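> The structure follows.
The values are calculated or read from the model by the stated rules, or taken from the named source; none is laboratory data. In this text the structure is predicted, and so the values were computed from the model without any measurement. For neighbour counting, all protein chains shown are included, and Cβ atoms are generated from backbone atoms with ideal geometry for every residue, glycine included. Ligands, DNA and RNA are stripped out before the accessible areas are found, and what is left, the full protein with its side chains, is counted by its heavy atoms. Shrake-Rupley method; radii C 1.70, N 1.55, O 1.52, S 1.80 Å.
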Amino acid sequence: MGVQEAMTGPSVLFFFVNAMDLTTLTLTELRDALWAGQVTSVVATEAMLDRIVAVDNEVKSYLTVTDDLALEQAAAADKRLAAGERTPLLGVPVAVKDMFCTRGVATTAGSKILEGFVPPYNAFVVDKLAEAGAVLLGKTNTDEFAMGSSTETSAYFATHNPWDLERVPGGSSGGSAAAVAGRMAYAAFGTDTGGSVRQPASFCNIVGLRPTYGRMSRWGVVAYASSLDQVGVFGRTVADVTAMFQATAGFDPRDSTSLNVPVPNYEAALTGDIRGLRVGVPKEYFIEGLDGEVETAVRAAINQLADLGADIREISLPHSRYALPIYYLIATAEASTNLARYDGVRYGPRVAGADVIDSVQKTRALFGAETKKRIMLGTYALSTGYYDEYYGKALQGRTLIINDFNKAFADVDVIAGPVSPTTAFKLGEKVNDSLALFLADIFTLPLNLSASCGLSVPCGFDGRGLPIGLQLIGNTLQEATILNAAFAYEQATEWHLRQPVIGG
Ligand code: GLN
C-alpha cells in the first residue's frame, strides 16, 4: 500500500479520482491511479474521447480517432491491471502523429497521395507503445510529409493552437502538440527533422523531446529526410515525456541507423539536482529577429538555472548562421529521393492514365504545393553540375556545425537558448512566405544537423498570453542530462501548470 493510500484509505481516493476531470491528470498521475486501482483505463479513455468530441472540432488535432480500438485496448489493459500486471504505460491513452505506420489504421502523412493507405504493420515504436500497454487514441495531423512549421501544409486541414484558435500550433507535429496541450491525449509521438517536436511544444506550453539521432527506431515511420529524421515525444510534464521515452527508446535491428546501446534509467535520473551543471549560452542564439519578450523569458529561465546551482557561461556556435541553408539543401535533397517511391504502384491511390508514365504523373500530382516545391528544390540541388555546388557544399557545412557542437560540449554539459524566435503566429500569416517560415526554425535546425539531443520546456508567456519555450540541448545520448535540467527548472516554476481555456 502506498503512503498516500495509507493516509486517506483507498475508497476515499477512489472517490476523488472519479469525481475529478480525468483529463487534467498528467500521464504519471494517471499511471499511479491506474496502478493503485483508483481508476480504470476504460474510464480514462472515455474521458479523453469525450474531450476530443467536445473540443477537437475547433482544435482539429486528430486526422483519425480510433475510438473503438481505443476502448478495446483499454478494456484489455484493465484486465491486465486487475491481474496485477504493471507494464510502464498500461492503460494510458496516447496519440501518434500520422507519420507512423499503424496496423489496420489509416496512415496518410498528411498527404492525399497516401489517402486510404492502411499499413499492414506497426512502426517499431508503435509496437513498443503496445508492449508497454498504452492505448491508441488516434492519429494526429501533420504538415504534409512533416514539411512545415505550422501544420498548415496538411492536405486535410490546419490545426489550431488551443491557446488561441486563430494561431498555429507550430509544426510539423502540430496535431500531437495541440492534442496534448488541449488534454486530448496524455502524451504523443511526433517526428523532429528540423524542430518539429520542440517548436510546437514551445508554441503549446508543453514539453517536447527530440532524442539523439538513432536513439529511437524509425522503422515504419514515413521518411522525410533520412539523415535528420528522429522520433520525438510530447507530454505535459518532463516526467510524462520521460515515461513515454523510457518505454519506447532502444535498439531496433531493422533500422540501420538505430544505436545498439543500452537504454539508461531516465526516470531515475530525474533528481532535480543540477548543482554544478555547466550550461552554455550561445551568443548566436540571441540575435536580431529574436522577439524581445521571448528573449526576456529565456534569459530569466537561464537565471533560474543559475539559481538552482548551474554554472552559466557564454559560448559560441560560430557556424549557426549557415545551419538554415545547409538544412534546407540536405532536407530537400533527401526528401526528393525519399518521395520518389510514391508512384501510385505501391501505396495509396493510383490515378489512371493513358500509360504507366501518364498514370505516375497524374498520381504524383496528388502531392501538395509545399511537397512539390521541396521535391523540385532537392532534385535541382542533386542534379549533375549542381551537386557539388549545392548538396556537396551543404555536407561540408554540416561538418562545421557538428564541429561547433563538439567543441562546445568539451566545456559544457547543456546548451540553453530559445526554441523559436517568436511565439505562435496567426494561421495564414506565413503560409505563402516560405522564407519567413524557414526562419522560424533557425534555433532548432542546428541540432538536427549534429548528433545532439534537445528539448523544449515551458518558460513563460508573452503579453498576448502565448507560451514561450526554453530549449535545452545535450551532447550525443545525454538525454538524461537535459531531462533532469528541465525537470529541475520545471519543479522551480509554474509555467507548465497553466492550461489553455478551451471547452472548460
Ligand atoms: N520546419 C522544418 C521543415 O519544414 C522542420 C520540419 C520537421 O522537423 N519535420 O523542414
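> Name the pairs whose Cβ atoms lie under 9 Å apart, with the first residue in the stretch 183-202 and free of Cβ contacts under 8 Å to residues at least 40 places away in the same chain, the second assigned to a loop (DSSP other than H, G, I, E, B) and more than 10 Å from the ligand (Cβ to nearest atom), and 6 or more positions between them or separate chains?
Every condition considered, no pair remains.
> While we're looking at this one, here's another question. Hey, residue 476 hits all of (1) open to solvent by 50 Å² or more (accessible area, probe 1.4 Å); (2) modelled with pLDDT under 95; (3) under 21 Å from residue 194 (Cα atoms) but one; which does it fall short on?
(2)
> For residue 39, all conditions in the list (1) in contact with a Ser or Thr (Cβ under 8 Å, 6 or more places away or on another chain); (2) among the β-branched types (Val, Ile, Thr); (3) not in a helix (DSSP H, G or I) hold save one; what is the number of the exception?
The one condition residue 39 does not meet is (1).
> Can you pull out every residue in the stretch 21-66 that is among the aromatic types (Phe, Trp, Tyr) and within 24 Å of the chain's Cα centre (by Cα)?
Of the residues in the stretch 21-66, the ones among the aromatic types (Phe, Trp, Tyr) are 35, 62.
62 - this is the single residue of the stretch 21-66 that is among the aromatic types (Phe, Trp, Tyr) and within 24 Å of the chain's Cα centre (by Cα).
> Next question. Looking at the stretch 102-118, is at least one residue among the charged types (D, E, K, R), outside any loop (DSSP other than H, G, I, E, B), modelled with pLDDT of 95 or more and out of contact with any Pro (no Cβ under 8 Å at 6 or more places or on another chain)?
Kept after step one, since they are among the charged types (D, E, K, R), are these residues of the stretch 102-118: 103, 112, 115.
Keeping just the survivors that are outside any loop (DSSP other than H, G, I, E, B) gives 112.
Narrowing the set further to residues that are modelled with pLDDT of 95 or more leaves 112.
Restricting the remaining residues to those that are out of contact with any Pro (no Cβ under 8 Å at 6 or more places or on another chain) gives none.
Within the stretch 102-118, not a single residue is among the charged types (D, E, K, R), outside any loop (DSSP other than H, G, I, E, B), modelled with pLDDT of 95 or more and out of contact with any Pro (no Cβ under 8 Å at 6 or more places or on another chain).
> Could you check, for the stretch 148-162, whether at least one of its residues is under 16 Å from the mean Cα position of the chain (by Cα) and on the phi > 0 side of the Ramachandran plot?
Checked against the condition, which is being under 16 Å from the mean Cα position of the chain (by Cα) and on the phi > 0 side of the Ramachandran plot, the stretch 148-162 yields at least one hit.
> Does the stretch 140-156 include one or more residues that are open to solvent by 10 Å² or more (accessible area, probe 1.4 Å), part of a loop (DSSP other than H, G, I, E, B), under 22 Å from residue 464 (Cα atoms) and away from the ligand (no atom under 16 Å from the Cβ)?
Among the residues of the stretch 140-156, not one is open to solvent by 10 Å² or more (accessible area, probe 1.4 Å), part of a loop (DSSP other than H, G, I, E, B), under 22 Å from residue 464 (Cα atoms) and away from the ligand (no atom under 16 Å from the Cβ), which makes the answer no.
> Specify the residue that is surrounded by the fewest Cβ atoms within 10 Å (Cβ to Cβ); the eligible residues are those in the stretch 375-389 that are in contact with a helix residue (DSSP H, G or I) (Cβ under 7 Å, 6 or more places away or on another chain) and modelled with pLDDT of 90 or more. Steps first, please.
Initially, the stretch 375-389 is screened for residues in contact with a helix residue (DSSP H, G or I) (Cβ under 7 Å, 6 or more places away or on another chain), giving 375, 377-379, 381-382, 386.
If we keep only those that are modelled with pLDDT of 90 or more too, we end up with 375, 377-379, 381-382.
On the way: 375: 22, 377: 19, 378: 25, 379: 16, 381: 21, 382: 18.
Result: 379.
> Is the stretch 217-237 home to any residue that is over 14 Å from the mean Cα position of the chain (by Cα), among the aromatic types (Phe, Trp, Tyr) and at pLDDT 95 or above?
Yes, the conditions are met somewhere in the stretch 217-237.
> Can you list the helices (runs of 4 or more DSSP H) found entirely within the stretch 284-368 that contain at least 3 residues being within 16 Å of the ligand (Cβ to nearest atom) and out of contact with any His (no Cβ under 6 Å at 6 or more places or on another chain)? Before the answer, list the steps.
On the way: elements: 292-307, 323-338, 356-364.
Hits in the stretch 284-368: 323-338.
> Can you tell me which residues in the stretch 216-238 are over 18 Å from residue 177 (Cβ atoms) and surrounded by fewer than 24 Cβ atoms within 10 Å (Cβ to Cβ)?
If the condition is that a residue be over 18 Å from residue 177 (Cβ atoms) and surrounded by fewer than 24 Cβ atoms within 10 Å (Cβ to Cβ), then 219, 220, 223, 226, 227, 228 are the ones that fit.
> Is it fair to say residue 327 is modelled with pLDDT of 95 or more, in contact with a Pro (Cβ under 7 Å, 6 or more places away or on another chain) and among the aromatic types (Phe, Trp, Tyr)? Please lay out each step first, then the result.
Numbers: modelled with pLDDT of 95 or more: yes; in contact with a Pro (Cβ under 7 Å, 6 or more places away or on another chain): no; among the aromatic types (Phe, Trp, Tyr): yes.
So residue 327 fails the test.
> Under 8 Å between Cβ atoms, which residue pairs at least 6 apart in sequence (or on different chains) link something in the stretch 98-127 that is among the basic types (Lys, Arg) with a partner that is open to solvent by 20 Å² or more (accessible area, probe 1.4 Å) and at pLDDT below 95?
These pairs meet every condition: 112/349.
> Would you pick out the residues in the stretch 157-182 that are assigned to a loop (DSSP other than H, G, I, E, B) and open to solvent by 10 Å² or more (accessible area, probe 1.4 Å)?
Once the filter is applied, which keeps residues that are assigned to a loop (DSSP other than H, G, I, E, B) and open to solvent by 10 Å² or more (accessible area, probe 1.4 Å), the stretch 157-182 yields 157, 158, 160, 163, 165, 166.
> Further question on the same structure: Since residue 439 meets every condition but one in (1) open to solvent by 10 Å² or more (accessible area, probe 1.4 Å); (2) more than 12 Å from the ligand (Cβ to nearest atom), which condition does it not meet?
Unmet for residue 439, out of (1) open to solvent by 10 Å² or more (accessible area, probe 1.4 Å); (2) more than 12 Å from the ligand (Cβ to nearest atom): (2).
> Scan the stretch 392-426 for residues that are open to solvent by 10 Å² or more (accessible area, probe 1.4 Å), within 16 Å of the ligand (Cβ to nearest atom) and under 27 Å from residue 368 (Cβ atoms) and report the count.
Number satisfying all stated conditions: 2.
> Hey, can you tell me all the residues within the stretch 342-374 that are out of contact with any helix residue (DSSP H, G or I) (no Cβ under 8 Å at 6 or more places or on another chain) and either open to solvent by less than 30 Å² (accessible area, probe 1.4 Å) or closer than 27 Å to residue 432 by Cα (or both)? Show your work before the answer.
Residues of the stretch 342-374 that are out of contact with any helix residue (DSSP H, G or I) (no Cβ under 8 Å at 6 or more places or on another chain), as a first pass: 346, 354-362, 365, 369, 372.
Passing the criteria: 359, 361, 362, 365, 369, 372.
> If you don't mind, there's one more thing I want to ask. Working only within the stretch 183-213, note down all residues that are among the aliphatic types (A, V, I, L, M), within 15 Å of the ligand (Cβ to nearest atom) and assigned to a strand (DSSP E or B). Outline the logic, then answer.
So in the stretch 183-213, the residues among the aliphatic types (A, V, I, L, M) come out as 184-185, 187-188, 197, 201, 206-207, 209.
Now drop any that are not within 15 Å of the ligand (Cβ to nearest atom), which leaves 188, 197, 201, 209.
Once the filter is applied, which keeps residues that are among the aliphatic types (A, V, I, L, M), within 15 Å of the ligand (Cβ to nearest atom) and assigned to a strand (DSSP E or B), the stretch 183-213 yields 188, 209.
> Taking interchain pairs and intrachain pairs at least six residues apart, which have beta carbon atoms under 9 angstrom, with the first residue in the stretch 424-443 and more than 23 Å from residue 162 (Cα to Cα) and the second away from the ligand (no atom under 14 Å from the Cβ) and of a type in the set (Ser, Thr, Tyr)?
Final answer for the pair search is 442/285; 442/320; 443/285; 443/320.
> Of everything in the stretch 449-486, what is of a type in the set (Val, Ile, Thr), farther than 20 Å from residue 288 by Cβ and either away from the ligand (no atom under 16 Å from the Cβ) or touching a Phe, Trp or Tyr at 6+ places or on another chain (Cβ under 7 Å) (or both)? Give them in sequence order.
Residues satisfying the conditions are 457, 476, 481, 482.
> Going by the structure shown, is residue 269 of a type in the set (A, V, I, L, M), more than 16 Å from the ligand (Cβ to nearest atom) and surrounded by 20 or more Cβ atoms within 10 Å (Cβ to Cβ)?
Values: of a type in the set (A, V, I, L, M): yes; more than 16 Å from the ligand (Cβ to nearest atom): yes; surrounded by 20 or more Cβ atoms within 10 Å (Cβ to Cβ): no.
For residue 269, the condition - of a type in the set (A, V, I, L, M), more than 16 Å from the ligand (Cβ to nearest atom) and surrounded by 20 or more Cβ atoms within 10 Å (Cβ to Cβ) - is not met.
> Just one of the numbered conditions (1) open to solvent by 20 Å² or more (accessible area, probe 1.4 Å); (2) in contact with a strand residue (DSSP E or B) (Cβ under 7 Å, 6 or more places away or on another chain); (3) closer than 19 Å to residue 234 by Cα is not true of residue 91; which one?
Here residue 91 meets the rest and fails (1).
> Just one of (1) away from the ligand (no atom under 12 Å from the Cβ); (2) farther than 15 Å from residue 326 by Cβ trips up residue 446, so point out which.
Failing condition for residue 446: (2).
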